[in-house]
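One structure below.
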Amino acid sequence: MIVACRKRPVSQGRLYDATSKIERALFDACEQEIPSSAVGERVMAELEAIDPVAYVRFASVYQKFQSVSDFKEIAESVNN
């Protein structure tokens, strides 16, 4: 999240709040094991609400974009 938000107008406090929210939600799920995909999806949701550029940056790595059309698709979803 920090790397995705680098050089973006996102405060450390906002990132701390987002990570705390993610951690609480995962803890409240009361599961012994949380798949990394569940963590990644929650991070993406938080970043989408915080900063669309950081969201696209994170998504491009997390979802392993392979082409320009992958970027276009996610960018269009942010604009809607």
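The values are calculated or read from the model by the stated rules, or taken from the named source; none is laboratory data. These figures come from a predicted structure and were not determined experimentally. When we count neighbours, we look across all protein chains shown, and the Cβ atoms used for this are built from the backbone with ideal geometry, even at glycine. Heavy atoms of the whole protein, side chains included, go into the accessibility calculation; ligands, DNA and RNA do not. Shrake-Rupley method; radii C 1.70, N 1.55, O 1.52, S 1.80 Å.
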Among (1) 1.14; (2) 1.41; (3) 1.22, which is the computed Cα Rg over 2.2 N^0.38 Å?
(1)
With every protein chain present, what is the per residue accessible area of the chain (1.4 Å probe, Å²)?
72 Å²
List, in order, the whole-Hz ³J(HN,Hα) value for each residue of region 2-7 obtained from phi through the Karplus relation with A = 6.51, B = -1.76, C = 1.60 and θ = phi - 60°; use x for Gly and Pro.
5, 5, 4, 9, 4, 6
Along region 36-53, Karplus-curve 3J(HN,Hα) (6.51, -1.76, 1.60; θ = phi - 60°) to the nearest Hz, with x for Gly and Pro, reads 4, 5, 5, 5, x, 5, 5, 4, 4, 4, 5, 5, 4, 6, 7, 7, x, 5
Ignoring any ligand, DNA or RNA, what whole percent of the accessible area of region 8-80 comes from carbon and sulfur when the probe is 1.4 angstrom?
52 percent
Which order do the peptides 47-54, 32-39 come out in when sorted by mean C-beta neighbours inside 10 angstrom, highest first?
47-54, 32-39
